[in-house]
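Comments concern the structure below.
Every number here is computed from the coordinates shown, using simple stated rules; none is lab data. Not measured: the values here are computed from a predicted model. Glycine also receives a Cβ, built like all others from the backbone with ideal geometry; neighbour counts cover every protein chain displayed.
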Amino acid sequence: MTRARLIGLGQMGSGIARNLLAAGVSLSVADADAERVAALVAEGATPAADDVDEEFVLLSLPGPPQVEAVCLGSEGLLARMAPGAVLVNLSTVGVDTARRLADEAAGYGVETVDAPVTGAADGAAAGTMTIMVGATAEALTRARDVLDPISERIVHLGPPGAGTAGKLLTNMLWFIHVTALSDALSLAVASGLDPVKFGELVRASAGGSWVAEHDLGNVLADDDDPSFTLALCVKDLGLIGDLEAASGYASDLAAAARARFGEAHERYGPQRGELAVTRLAEERAGVSIRAAG
């Protein structure tokens, strides 16, 4: 039986844990919130012990500071993992952090799989996420025991750091699409179009996208989708900025999305759902893009 530990039971981690349990993985769990741990223990998991003896350790944490705090240092996770174990980082971090984890892990004889995910909280719950992987082919083959049960597609992009780069760039497109969709909806209503009918047109046109399929209904229903917060959007957009700086190419569109989400974060608060950003466009246009508006 595959033995694994999952650290982080938030919006994504809880769904991931349940799919691992459903696949018959012997799973231990840890989270700063004891209630989240208790909920998963009631469903068949065990509380993570101090000794780290599982073959696989998975991380589903908010960002680089949390991942580095858990993993690094003489008392950190990597130092306590058994040689030959595999660290699977499902969190969205920076490329430098992903590569540093791989380098530090190698010193302890631990393999790493840089494996950020996409598909939102509902995809995590359904086990239909796409996972972008940066790892050796051998490490990925081993990690499939814990990746296949939680995903519908795995894309191997290269060595550690490549998965993170892929994730940041797909998030860049996501944030740009949300920003563009909110502008188009606001312009549509300002031009006399019904937002629901316009939304149907978008989905059936060249303007369609995953955002139109997944998020447009929430916007029309006045649901900001609290499963992914503005704080996380701003964090990821900052990491995208780091990627741009390292590459020497800065995207004007990414900068526009960064400014828009930064303003929404300031205006509505860090814990507001990511789709609150659409409210800025409708306020500026003096219209409502909500179905009941």
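Can you work out ³J(HN,Hα) from phi for every residue in the stretch 215-220, in order, using Karplus 6.51 cos²θ - 1.76 cosθ + 1.60 and θ = phi - 60°, giving whole Hz and x for Gly and Pro?
Residue by residue, the stretch 215-220 yields 10, 4, x, 5, 4, 5 Hz.
For the stretch 206-292, compute Rg over Rh where Rg is the Cα radius of gyration and Rh is the Kirkwood radius from the inverse mean 1/r over Cα pairs.
Rg divided by Rh gives 1.00.
When the Karplus curve 6.51 cos²θ - 1.76 cosθ + 1.60 is applied with θ = phi - 60°, which whole-Hz ³J(HN,Hα) does each residue of the stretch 92-99 get, with x for Gly and Pro?
These are the phi-based 3J(HN,Hα) values: 8, 10, x, 4, 4, 5, 4, 6 Hz.
For helix 230-247, what angle does its Cα long axis make with the longest principal axis of the chain, in degrees from 0 to 90 and rounded to 10?
Approximately 80 degrees, to the nearest 10.
Divide by every residue of the chain the summed helix terms, -39500 (n - 2.57) for each DSSP H run of at least 4, and state the resulting mean residue ellipticity at 222 nm, rounded to the nearest 500 deg cm²/dmol.
-16000 deg cm²/dmol
Bin all alpha-carbon pair distances of the chain at 10 Å intervals from 0 and give each bin's fraction as a whole percent.
7, 27, 32, 21, 10, 3, 0
Just to be sure I understand: of the beta bridges DSSP finds with both ends in the chain, what percent are antiparallel, rounded to 5?
Given both bridge residues lie in the chain, the antiparallel proportion sits at roughly 15 percent.
Given the stretch 1-140, what percent of its DSSP beta bridges are antiparallel, to the nearest 5?
15
List the GluC sites (Glu not before Pro) within the stretch 55-151 that DSSP assigns to loop and that have no more than 13 neighbouring Cβ atoms inside 10 Å.
Glu75
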